[in-house]
Structures are given as C-alpha cells and as structure tokens.
Amino acid sequence: IVFILVVAGIAITHFLEIKKCAQISLFKEDLQTDVGKAWNSQKFTDNIGKSYSLPSNLDYVCFANLSNPLKGGGDAERDIYSDIKMLYEFSKGNMFFYPTEKSCDMPYANIKHIDINKMTESKNPYCFPVKNGKITIKIDKGFNEGLVKLSS
C-alpha cells in the first residue's frame with residue numbers, strides 16, 4: 001500500500017508540473033495570437049484588458065529591452081532586470097518569466113510585432129504581476145502605427 005501511495009504521489013506531482021508547463025506555452029501562443037490580430041488591424045484598442053492564466057508560482061511576466069539600461073521601477077524591477085540581463089542578454093527574447101527557475105525551461109520568448117522601445121521608454125523592464133495565477137494585459141495599436149503596445 002505504501003508503494004502504491006508513493007508512486008501515486010510521484011505521478012500526481014509529475015502531472016501538475018506538466019500542467020504548469022502547458023499553461024506557460026498556451027499563454028505565449030494566446031498572447032502572440034492576440035498581438036497578431038491587433039497588428040493586422042488598422043486600429044485596435046482593448047481598454048479592459050484580457051486575462052490570461054499562468055502558473056501561480058510565477059511572480060511576474062516582464063517585457064524588457066536588454067540593449068537599454070534599467071529605467072524606473074522599484075527594487076523588484078531592479079532585481080528582475082539584473083537577473084534576466086545576466087542570463088539572457090544575448091537571447092532574442094523580449095518577454096521574460098520571473099522567477100526564471102519556475103518557468104519550465106521556457107524563461108523567455110520573443111513576442112513579434114510589439115513596440116518594445118515604446119513600452120520600455122519609462123520603465124525597463126515593464127512587468128505585469130501574476131496574481132492568483134492570472135495576468136491582465138491591455139493591447140493597443142493606433143491608426144497607422146506599425147507595432148502594438150501592451151500595458152497594464
């Protein structure tokens with residue numbers, strides 16, 4: 001009986017890890033799809049924001065331009081920026097999960113068609129807190145703008 005309980009516990013833990021990794025992958029795909037829809041539109045404004053599900057063990061999803069210096073923010077953003085810059089400075093990523101060790105070996109992504117320079121003009125990194133496994137992101141693209149902006 002003890003053996004069966006141990007094996008069941010290991011299996012449950014394994015399936016929960018798979019669920020967390022699937023949530024991260026789905027978030028990246030859903031966000032890229034939503035950004036793509038906005039990018040293909042003449043004008044797109046989402047004043048309410050869309051809620052996405054993520055594992056609750058993640059604290060932040062941050063957008064950063066690692067070619068530019070740290071700007072604005074508090075202690076949390078300073079720590080996040082130094083961690084991701086040290087680890088991923090030469091990656092092609094513009095979106096980072098924090099803490100990176102809880103991101104299922106998917107600590108960053110390159111979300112296409114976002115205006116990372118505009119998003120990080122006053123805050124670099126621009127971070128969205130993950131609250132109770134949810135994150136809300138507003139998507140905006142003005143008339144004849146070439147790229148999409150994300151905000152909280």
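The values are calculated or read from the model by the stated rules, or taken from the named source; none is laboratory data. All values reported here derive from a predicted model rather than from experimental measurement. With ideal geometry, Cβ positions are generated from the backbone for all residues, glycine too; neighbour counts draw on all protein chains shown. Just so you know, the surface numbers come from the protein's heavy atoms only, side chains and all, with ligands and any DNA or RNA stripped out. Shrake-Rupley method; radii C 1.70, N 1.55, O 1.52, S 1.80 Å.
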Give the number of residues within segment 43-58 that are under 10 Å from ASN132 (Cα atoms), in a loop (DSSP other than H, G, I, E, B) and not hydrophobic (A, V, I, L, M, F, W, C). 3
So which residues in segment 84-131 are in contact with a strand residue (DSSP E or B) (Cβ under 6 Å, 6 or more places away or on another chain) and at positive phi, if there are any at all? HIS113
For segment 119-140, name all the residues that are touching an Asp or Glu at 6+ places or on another chain (Cβ under 9 Å) and either more than 16 Å from PHE97 (Cα to Cα) or part of a strand (DSSP E or B) (or both). LYS123, ASN124, TYR126, CYS127, PRO129, ILE137, LYS138, ILE139, ASP140
If I go through segment 88-97 residue by residue, how many of them are surrounded by 14 or more Cβ atoms within 10 Å (Cβ to Cβ) and either over 10 Å from the mean Cα position of the chain (by Cα) or modelled with pLDDT under 85 (or both)? 3
I need the full set of residues from segment 98-118 which are open to solvent by 20 Å² or more (accessible area, probe 1.4 Å) and in a strand (DSSP E or B), in order please. TYR98, TYR108
Residues of segment 114-152 being farther than 19 Å from TYR81 by Cβ and of a type in the set (S, T, N, Q), which ones? ASN132, THR136, ASN144
Scan segment 110-125 and report the pairs whose first residue is within 16 Å of ASP140 (Cα to Cα) and whose second residue is of a type in the set (Ser, Thr, Tyr), with Cβ atoms within less than 7 Å and a gap of 6+ or a chain change. MET119/TYR126; THR120/TYR126
Could you tell me whether segment 68-84 includes any residue that is free of Cβ contacts under 8 Å to residues at least 24 places away in the same chain and closer than 22 Å to LYS112 by Cα? no
Residue check, GLN32 farther than 17 Å from SER152 by Cα and either open to solvent by 60 Å² or more (accessible area, probe 1.4 Å) or not in a loop (DSSP other than H, G, I, E, B) (or both): no
